[in-house]
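See structure below.
The values are calculated or read from the model by the stated rules, or taken from the named source; none is laboratory data. Given the structure is predicted, the values throughout are model-derived calculations rather than measurements. With ideal geometry, Cβ positions are generated from the backbone for all residues, glycine too; neighbour counts draw on all protein chains shown. In case anyone asks, the SASA skips ligands and DNA or RNA and just uses the protein heavy atoms, side chains included. Shrake-Rupley method; radii C 1.70, N 1.55, O 1.52, S 1.80 Å.
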Amino acid sequence: MTSDDVLLRLEGVTKRFGATLALNRVDFDLRAGEVHALVGENGAGKSTLMKILAGNEQRDAGRILVDGQDVEIRSPNEAARHGIAIIHQELNTVPTMTVAENLALGQEPRNWHGALDRRGMVRAARAKLARIAADIDPRRTLGTLSVGMQQMVEIARAVSEDARILVLDEPTAALSRAEAAQLYRLVGEMRRGGAGLVYITHRMEEVWQLADRITVFRDGAHIGTRRRDEVHPDDVVRMMVGRPVEDLYRHDRQRPGDTVLDVENLAGPGVGPVTFRVRAGEVVCLAGLIGSGRTEAARLVFGADRATAGTVRVRGRVVNARTPREGIRAGLAMVPESRKDQALFLPHSVEHNIAISSLDRLSSAGVLQRRRIRQEVTARMDRLRLRRSALRLPVRSLSGGNQQKAALARWLMREPDVLILDEPTRGVDIGAKREIYELVNELTERGKAVLVVSSDLPEAIGISDRILVMRAGRIVQELDSRLASEEDVMFHATGAARRNQGETHD
Amino acid sequence: MTDRTLDKAELTAPRPEQSTPSFDFAYWWDRVGILVVLIALVVLMATIAPNFASIDNLFNIARSIAINAILAAGLTFVILTAGIDLSVGSTLAVSGVVAVLAAIGGLPAPVAVLLGVLAGAAAGLVNGLLTAYLSLAAFIVTLGSMTYLRGLAYTMTDGQPVVDNMLGFRDIGNGYFAGIPVPVVVMAVVYVAAWFVLERTRYGRHVYAVGGNAEAARLAGINVKRVITSVYVIAGACAGLAGVIFAARVVSAQPTAGTSYELDAIAAVVLGGTSLMGGRGRIIGTLIGSVILGVLSTGLILMNVPFFTQLLIKGGVIIFAVAVDSLKQRPLRLGRRTGGAAPAH
């Protein structure tokens, strides 16, 4: 390796948070014109590294070299000055402003008498968007665009700042396939243009599609760096978890019993009418593109949103829940799409988070039975392998995987007949993923019905009995998971040649 | 694989970014910080203010803080749900007027007292229903009710104080129970009850949940609208109780009673560490916050600090306390708000 094409080099970078080492003498380098994938489970230290590069955190020891020169990155502004651009998982844009205004944020052009130069702003925005080949009207209000498009705007902003070192943090987490493909093209173009890209991701397919080199972090340490063409995916996963992984998706098929969940002509905003059943011991997956109505349908069943028509029955009894409360009472439970916004009380303790939906059962005359609560909560935590010492910690301090387990544990407390899981493993590390799948198996063994919404196609196929593919609010195809391929699902989800409405905009 | 369980244990072990450091300022400040401030203040006052530490004066302080402390107790419920109630001062006036007029009208003292409290609860119910079911901003709703309730108090009394020297429940303001001023006893009962409800009941958990994340609370099966309505009723009832005590102390119905008391009450809640964003805080903190404000006022008076200067000092203390509380939320970090290991509920 010659040193002149190395854009960025970290040597022995160490970061300590209190008593624990978040990064332990980590080495890393990035060359011009390469995509360097950075992988590892949650808590491996990837995000700490990113924060240090972004100037949001300071290293405790070690060197950072840009173009062979030692640098200090004390603030996001300094990071930008060194040509480092960070594209965060969450969007840092203003949804109520136009695309052009967002792109000009902080550097609004002025005209000769000092007023805002709107026309110049739109012109500059067009140029920036053209640079990343994004076909977006800069005069549109950002919030009206799809998440994928918004992310393009975010990237356009980062790229236009003469960035040569780009750090992308799980950029495709919220994107549909078509949007992800567009992002991959963009990554390819920037690489050809001589930029270096650090690509943080959980998705192995992405790593193999994009990366030139792969670096694995585990528990704050650099485990290894490999060229993609010299390593097998299994080796990378092994490096990540520190042990061999058998087949990740294990689904024990049960002989399906009676119908537990019976949904007939259910309709609501953006959905329906849809009709389907889930039998005891069965896992049914709603698949489809973002905006196809999967999540919306699941929410109607649970009562999170109100249905305009249709009937939902649980074990033969009409439920038609108008509120989650009614749904829960009828034996339904739902782990929603976003655990942080919709499921968890982040500053509250793990115990409080897990017990909250079962307090009717665990109180007498409204007074909490604290010993019983503690017993029951710890029993569920043990089962999900959440360490007991977390009981009184704020749930926000757990890793993504453990937070998701806490969200699940809440419903294990209630023994629902039907468990709805919306994106059950998004942003969850492999160890926790496996445990969630095991739990699903355990539930179906005991005759529960499970309805899963998933964008992760291998997961959708791997853990379900049947897949219901949705498009434009309707179920367009039912597939047997044993026979279905990812291509089959995509074929029906996209309606073959037709593009999804949510991604194109006139 | 035999060592598999061990590996699992490792996976769930503390994650590097999130464990508790050896000395966690945020943790300790949350537990005892405000108490330390109070103790320091008391020591300071006892040293420099004449007669501060005498029993009589301590009782006076306790009696004088009771009204604000009771208002603040009710307000704590509201603020825990990320709401606000600006109308408690006006509610106090209406309740006092109702109780005194009822007593003058010949109703027995306990009934008059009850009516006063119920009037406060009713005012709170209106606030709560408007906020929860019409999804109006609590700030605006209670700004409105602050005004109309004050108008109501003036209307009911023709704008004049109504004095009743024979007031049947005057002991609630001026009497002693086992040697302790009655308002202080009432305050203690209110705080024990509030503590029990918030810490030991299902309803209390629901209050924290709604304030912590309203949408998550709804999806967890909590009747969010009912919880929101109820906290305003509690705040109103507390204001009603405070109004009765106020009326009893001055042995009259005062339409101007409690003007701008809501601000002192909010200050006490926030000083006590309850987050205006909801979901975080403790009732004991509110009590300490009220005591700090009371001690400060009384001490400054004893020290003959001019009134204008008192205001300067009080305002400064409030901002200082809230600033310290906020700094602990985001140690050493600019921009993104990711709290430290604050104790959880």
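Before we go on, tell me the buried accessible area for the A/B pair, both chains summed, 1.4 Å probe, in Å² to the nearest 100.
4500 Å²
Round to the nearest 10 and give me the degree value, 0 to 90, for the angle of helix A:118-131's Cα axis relative to the longest principal axis of chain A.
80 degrees
Measuring from label point to label point, each 7 Å out along Cα→Cβ, what is the A:GLU326 to B:ASN60 span in nm?
6.1 nm
Using a 1.4 angstrom probe on protein heavy atoms only, which residues from the stretch A:304-328 are buried by at least 40 Å² of accessible area when all chains are present rather than their own chain alone?
A:PRO324, A:ARG325
Rounded, prolate or oblate: pick one for the stretch A:170-252, where a ≥ b ≥ c are the square roots of the eigenvalues of its C-alpha gyration tensor, a/c under 1.5 means rounded, and failing that, prolate if a/b is larger than b/c, else oblate.
Since a/c reaches 1.5 but b/c is at least a/b, the shape of the stretch A:170-252 is classed as oblate.
Compute the helix-to-body angle for A:177-192: its Cα long axis versus the longest principal axis of chain A, expressed 0 to 90° and rounded to tens.
20 degrees
For the protein assembly as shown, what is the per residue volume of the convex hull drawn over the alpha-carbon atoms, in cubic angstrom? Kindly include the intermediate steps, with their values, before the conclusion.
Details: hull volume 175.9 nm³, N = 851.
Spread over its residues, the Cα hull of the protein assembly as shown gives 207 Å³ apiece.
Run the numbers on chain A and let me know its relative contact order in percent, using alpha-carbon pairs under 8 Å that are six or more apart.
Reported as a whole number, the value is 15 percent.
So how far apart, in nm, are the two label points at B:LEU276 and B:ILE180 if each is 7 Å from Cα heading toward Cβ?
Going from the B:LEU276 label point to the B:ILE180 one covers 3.3 nm.
Quick one: dipole size for the stretch A:345-415, taken about the Cα centre, charges +1 on Lys/Arg Cβ and -1 on Asp/Glu Cβ, in debye to the nearest 20. Write down the numbers at each step before the final one.
Working: 15 positive and 5 negative charges, 45 e Å.
Here the stretch A:345-415 has a charge dipole of around 220 debye.
Within the stretch A:266-301, what residues put their amide N at less than 18 Å from the label point 7 Å along the Cα-to-Cβ vector of A:VAL318?
Only A:266-268, A:274-276, A:301 pass the distance filter.
Keeping every protein chain present and rolling a 1.4 Å probe, give me the accessible area per residue for the protein assembly as shown in Å².
Result: 42 Å² of accessible area for each residue.
Report the full-extension gain for the segment A:ARG81 to A:ARG118: residue separation times 0.36 nm, less the Cα-Cα distance, to one decimal in nm.
My answer for the length gained is 10.7 nm.
Below 8 Å, C-alpha to C-alpha, sequence gap of six or more: please give me the relative contact order for the stretch A:190-287 in percent.
15 percent
Pairs to check: A:LYS405/A:LYS448; A:LYS340/B:LYS314; A:LYS128/A:LYS433; A:LYS51/A:LYS128; A:LYS46/A:LYS405; A:LYS51/B:LYS314. Give those whose C-alpha atoms are more than 30 Å from each other in this structure.
The answer is A:LYS340/B:LYS314; A:LYS128/A:LYS433; A:LYS51/B:LYS314.
For Cα pairs less than 8 Å apart in space and 6+ apart in sequence, what is the mean separation divided by the residue count of the stretch B:67-282, i.e. the relative contact order in percent?
45 percent
Gain in length, B:SER260 to B:ASP158, computed as 0.36 nm per residue apart minus the alpha-carbon separation, to one decimal in nm?
Stretched fully, the B:SER260-B:ASP158 segment lengthens by 34.6 nm.
How much of the DSSP bridge set in chain A is antiparallel, in percent, rounded to the nearest 5? Don't skip to the end; give the middle numbers.
Values: 45 of 79 bridges.
DSSP beta bridges in chain A are roughly 55 percent antiparallel.
At R0 = 56 Å, how high is the FRET efficiency between A:VAL147 and B:PHE307 if r is their beta carbon distance? Nearest 0.05 is fine.
Working: r = 57 Å, r/R0 = 1.01.
The formula returns an efficiency of 0.50 here.
List the residues of the stretch B:207-244 that lose 40 Å² or more of accessible area once all protein chains are present, compared with their chain alone (1.4 Å probe, heavy atoms only, no ligands or nucleic acids).
Those residues are B:ASN213, B:ALA216, B:ARG218, B:LEU219, B:ALA220, B:GLY221.
For the stretch B:275-284, take each phi angle, set θ = phi - 60°, evaluate the Karplus expression 6.51 cos²θ - 1.76 cosθ + 1.60, and give the result in whole Hz per residue in order, putting x for glycine and proline.
7, 5, 7, x, x, 10, x, 9, 5, 5
Sorting A:THR275, A:THR295 by accessible area (1.4 Å probe), largest first, what list results? Numbers along the way, then the final one.
On the way: A:THR275 80, A:THR295 20 Å².
Sorted descending by solvent-accessible area, the residues read A:THR275, A:THR295.
Give the calculated FRET efficiency between A:GLU445 and B:VAL111 to the nearest 0.05, with a Förster radius of 45 Å applied to their Cβ-Cβ distance.
Once the sixth-power term is evaluated, E becomes 0.10.
Give the calculated FRET efficiency between B:ALA53 and A:VAL94 to the nearest 0.05, with a Förster radius of 41 Å applied to their Cβ-Cβ distance.
0.15
May I ask you to give the percent of accessible area on the protein assembly as shown that is carbon plus sulfur, with a probe radius of 1.4 Å?
Using a 1.4 Å probe with all protein chains present, the protein assembly as shown comes out at 56 percent carbon and sulfur.
Compare A:PHE17, B:PHE169 by solvent-accessible area with a 1.4 Å probe and give them largest first, with all protein chains kept in place.
So the residues, ranked largest to smallest area, are A:PHE17, B:PHE169.
Put +1 on the Cβ of every Lys and Arg and -1 on every Asp and Glu Cβ in the stretch B:226-330; which of B:GLY240, B:SER275, B:GLY315 then has its Cα farthest towards the positive end of the dipole?
B:SER275
So, in Å, what gap is there between the alpha-carbon centers of the stretch A:413-447 and the stretch B:159-193?
Taking the Cα centre of the stretch B:159-193 as reference, the centre of the stretch A:413-447 is 57 Å away.
What shape does the stretch B:46-195 take by its C-alpha gyration tensor, where a ≥ b ≥ c are the square roots of the eigenvalues and a/c under 1.5 counts as rounded, a/b above b/c as prolate, and the rest as oblate?
Because a/c hits 1.5 or more and a/b fails to exceed b/c, the stretch B:46-195 counts as oblate.
In deg cm²/dmol and to the nearest 500, what is the mean residue ellipticity at 222 nm of chain A if only DSSP H runs of at least 4 residues count, each as -39500 (n - 2.57), divided by the residue total?
That comes out to -9000 deg cm²/dmol.
Using the alpha-carbon centroid of each, what span in Å lies between the stretch A:131-160 and the stretch B:92-135?
The stretch A:131-160 and the stretch B:92-135 have Cα centres separated by 56 Å.
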